[in-house]
Amino acid sequence: MLQINVSQQLKEPIGATRSCEVNDTVGIAGTDIQVEGEVTLTRTDRSILVRGTLYTELELICSRCLSPCSCPLTLRIVEEYFPTIDIMTGASMPLPDEPGCFTIDKHHILDLTEAIRQYTALSTPMKPLCRENCAGLCPSCGYNRNLGECGCLPPDVDPRWTALRKLVVTSNNDL
Ligand SMILES: [Zn+2]
Ligand SMILES: [Zn+2]
């Protein structure tokens with residue numbers, strides 16, 4: 001459940017908690033991802049504090065061999081959600097001076113969708129790998145070296161490098 005009605009909990013004393021199962025799909029950048037886990041909601045003096053661990057998996061492209069790979073993510077969520085309406089009086093509530101803080105809407109719905117989007121974006125690796133020791137593509141022929149040897153000479157034997165090394169050694173000797 002990503003949209004949680006907290007009207008009851010807002011009337012409860014500070015410290016009151018409840019748990020909510022999450023097993024939903026969230027649309028992120030045009031793709032639906034499955035998110036699972038559990039969050040605990042705690043009533044604080046000014047908000048509902050959401051804490052929990054959610055699990056998801058993204059389909060990414062390996063940064064070394066360019067093969068599709070699935071990347072499991074763990075989202076450790078800790079966020080305060082501020083009510084916009086006073087549950088007792090119906091008056092609108094001033095929000096804290098925190099840019100981008102999450103709010104509970106006028107129907108007392110706490111929506112986890114945006115937090116999940118943000119946490120997913122933050123935990124997505126910049127350089128995903130299909131496996132820790134991915135061998136990548138051959139720089140000469142582009143063959144995926146996870147599938148075996150392509151037959152190109154190793155770069156150490158490249159004659160241009162040998163020539164360059166001689167040059168380096170010579171210039172070092174001149175110093
Ligand atoms: Zn790879
Ligand atoms: Zn090659």
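The values are calculated or read from the model by the stated rules, or taken from the named source; none is laboratory data. A quick note: this is a predicted structure, and the numbers were derived from the prediction, not measured. For neighbour counting, all protein chains shown are included, and Cβ atoms are generated from backbone atoms with ideal geometry for every residue, glycine included.
Figure legend. Inter-residue proximity from segment 4-19: first residues more than 14 Å from VAL39 (Cβ to Cβ) and free of Cβ contacts under 8 Å to residues at least 40 places away in the same chain, second residues loosely packed, with under 14 Cβ neighbours inside 10 Å and acidic (Asp, Glu), beta-carbon distance below 7 Å, spacing 6+ or different chains. Indicated pairs: ILE14/ASP45.
Conditions (1) among the polar types (S, T, N, Q); (2) touching a residue at least 40 places away in the same chain (Cβ under 8 Å), marked per residue:
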site: CYS71; (1), (2): no, yes
site: THR89; (1), (2): yes, no
site: GLU98; (1), (2): no, no
site: LYS106; (1), (2): no, no
site: LEU112; (1), (2): no, yes
site: ARG117; (1), (2): no, yes
site: GLY136; (1), (2): no, yes
site: GLY142; (1), (2): no, no
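So that you can scan it fast, the table gives a plain yes or no per residue for (1) under 16 Å from the mean Cα position of the chain (by Cα); (2) part of a loop (DSSP other than H, G, I, E, B); (3) more than 30 Å from GLY136 (Cα to Cα):
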position	(1), (2), (3)
GLN9	no, no, yes
ARG18	no, no, yes
LEU60	yes, no, no
SER63	no, yes, no
LEU73	yes, no, no
GLU98	no, yes, yes
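Would segment 20-33 turn up any residue that is hydrophobic (A, V, I, L, M, F, W, C) and on the phi > 0 side of the Ramachandran plot? Yes - at least one qualifying residue is present in segment 20-33.
Just one of the listed residues (ILE28, ILE85) is of a type in the set (Val, Ile, Thr) and in contact with a His (Cβ under 9 Å, 6 or more places away or on another chain), and it is ILE85.
Residues to consider are SER92, SER123, SER70; find the one that is of a type in the set (Gly, Ala, Ser) and within 16 Å of ligand 1 (Cβ to nearest atom). Lay out the reasoning, then the answer.
On the way: SER92 fails: within 16 Å of ligand 1 (Cβ to nearest atom); SER123 fails: within 16 Å of ligand 1 (Cβ to nearest atom).
It is SER70.
The lone criterion from (1) more than 26 Å from the chain's Cα centre (by Cα); (2) surrounded by 15 or more Cβ atoms within 10 Å (Cβ to Cβ); (3) away from ligand 2 (no atom under 12 Å from the Cβ) left unmet by CYS130 is number (1). Within segment 117-136, is even one residue out of contact with any helix residue (DSSP H, G or I) (no Cβ under 8 Å at 6 or more places or on another chain) and in a strand (DSSP E or B)? No, the conditions are met nowhere in segment 117-136.
Answer with yes or no whether ALA115 is among the small types (Gly, Ala, Ser), more than 16 Å from ligand 2 (Cβ to nearest atom) and modelled with pLDDT of 95 or more.
Details: among the small types (Gly, Ala, Ser): yes; more than 16 Å from ligand 2 (Cβ to nearest atom): yes; modelled with pLDDT of 95 or more: yes.
The answer is yes for ALA115.
Residue-level check: of (1) more than 24 Å from CYS65 (Cβ to Cβ); (2) at pLDDT 95 or above, VAL169 misses just (2).
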